[in-house]
Each structure stands twice: as C-alpha cells, then as structure tokens.
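The values are calculated or read from the model by the stated rules, or taken from the named source; none is laboratory data. This structure is a prediction, so every number in the text was calculated from the model and none was measured. All Cβ positions, even for glycine, are placed from backbone atoms using ideal geometry, and neighbour counts span all protein chains on display. Ligands, DNA and RNA are excluded from the accessible area calculation, which covers all protein heavy atoms including side chains. Shrake-Rupley method; radii C 1.70, N 1.55, O 1.52, S 1.80 Å.
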Amino acid sequence: MPGTPEQKMANLRLAYAYQMVHPGKKLLFMGQEFAQLREWSEERELDWFLLAEEPHQQIQNWYKDLLHLYKKNKALYELDNDPKGFDWINKDDIFRSIFSFTRHSKDGKKNLLFVCNFTPVERSDYRVGVPKHKTYKLILNSDDAEFGGSGKERPVNYKSVSQECDGRPYSFAYPLPGFGVAVFRY
C-alpha cells in the first residue's frame, strides 16, 4: 500500500471494514488480522512478535471489533443473500471516492449506515444522505486512537435535517477522516 506507515494502517482498517460489512462471506489468511508484513507460509509460524508493536495491536483490535460488530448486528447477516438487506446511498462519488450504504435487518430495526472514505483527504464537514429523519448513533469509528487513528473527539449522535443529499430527503454532516470508516446505527 502506498503512503506513510500511518496511512497504510488506516487504509488497511478501511479495507477490512469494507470487506466485513459488505454482503457476502468473509475470508482472511492467517496473520492478516494483525497486519503481518510478509506472506503466510506453512513452512513457518505466524509473525506473532509483531503484536509487541502498537500498530499491529491496533489492527488486531480493529478486526476484533469488526467481528463483534458483525456478530451483534443482524443487519450484517440476516438478509445477506437478499437485495432488501443492502442499499447504496452514494456509489457514484468519483471525485472524492467516498461510498455510503446501509444494511438492513428483517424486522427493520437497528439498521446500519456506513460511510467509507477511500482517499487520504479529510472531509471535515462531509454530508451524507440518509433514509430517515431521526438520530444516527456513531457506534464504530476507524479514527479512534485505540485503532491507530487520530483520536479526535466526535459526537456520538447525529440528528438528520430536512436537507436533500445523495438523492435522499434527509442528511447530516460528519467529520470524515482520510481513509476513515464511520458506522452508524439507526
């Protein structure tokens, strides 16, 4: 991956999140959950010594939290093979490379909104269109310090307003970091 070591880890957090929350089955090779630097081989053990380094611990923490997110939220697996379980908010932002989408559960409760920034450029007031006029709760943020991010404080709750964005009647603004992923429950 290009960039500084911090950007590489942020980009890896983004890639893992995108894989984990998109419909379909999940697969990592051994060692990827803590960002092993060399390719896995059956001829040697994993590079467990890397876990003594903070960036590798932080990637492992991120992946662990993604697994917990997946397990705790039916919206990520209940309708995995049904088009009703996934809805793009914005898949056409070719100039900023930011994608947003929702995942839905069968009962329509505890749905999730994902905003993914595939560039190193921070968007301090990114506006995302949302399907409902309600409060969106930030439940996972790849920019948290425990995962190796900047650790900037962000509000937990975001109230949508009646302002069209992304073809949706409601929206809210969120400070989206470079290579950042934000997960909201609504």
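When restricted to residues that are more than 30 Å from PRO83 (Cα to Cα) and either in contact with a His (Cβ under 7 Å, 6 or more places away or on another chain) or of a type in the set (Lys, Arg) (or both), the range 12-50 contains 5. Selection of the range 137-160 for residues being over 21 Å from PHE118 (Cα atoms) and surrounded by 14 or more Cβ atoms within 10 Å (Cβ to Cβ) yields LYS137, TYR158, SER160. Just one of the numbered conditions (1) open to solvent by less than 80 Å² (accessible area, probe 1.4 Å); (2) farther than 20 Å from ASN117 by Cβ; (3) in a helix (DSSP H, G or I); (4) not acidic (Asp, Glu) is not true of LYS84: (1). Scanning the range 105-123 for residues that are more than 17 Å from ASN90 (Cα to Cα) and either more than 17 Å from the chain's Cα centre (by Cα) or aromatic (Phe, Trp, Tyr) (or both) turns up SER105, LYS106, ASP107, GLY108, LYS109. For ASP107, the stated conditions do not hold, so it cannot be described as outside any loop (DSSP other than H, G, I, E, B), farther than 12 Å from ALA182 by Cβ and not basic (Lys, Arg). Restricting PHE99, PHE114 to residues that are within 28 Å of GLN36 (Cβ to Cβ), open to solvent by 20 Å² or more (accessible area, probe 1.4 Å) and in a strand (DSSP E or B) narrows the list to PHE99. Screening LYS106 against (1) of a type in the set (Lys, Arg); (2) open to solvent by 20 Å² or more (accessible area, probe 1.4 Å); (3) in contact (Cβ under 8 Å) with a residue 12 or more places away in the chain; (4) touching a strand residue (DSSP E or B) at 6+ places or on another chain (Cβ under 7 Å) leaves a single unmet condition, (4).
Looking only at the range 120-129, decide whether some residue is open to solvent by 20 Å² or more (accessible area, probe 1.4 Å), of a type in the set (Val, Ile, Thr), touching a strand residue (DSSP E or B) at 6+ places or on another chain (Cβ under 7 Å) and modelled with pLDDT of 95 or more. No; the residues of the range 120-129 include none that is open to solvent by 20 Å² or more (accessible area, probe 1.4 Å), of a type in the set (Val, Ile, Thr), touching a strand residue (DSSP E or B) at 6+ places or on another chain (Cβ under 7 Å) and modelled with pLDDT of 95 or more. Scanning the range 5-22 for any residue that is part of a loop (DSSP other than H, G, I, E, B) and surrounded by fewer than 15 Cβ atoms within 10 Å (Cβ to Cβ) turns up nothing. Name the residue that is most open to solvent (accessible area, probe 1.4 Å), counting only residues in the range 27-76 that are part of a loop (DSSP other than H, G, I, E, B), of a type in the set (A, V, I, L, M, F, W, C) and farther than 18 Å from ARG13 by Cα. Only one residue fits best here, namely TRP40.
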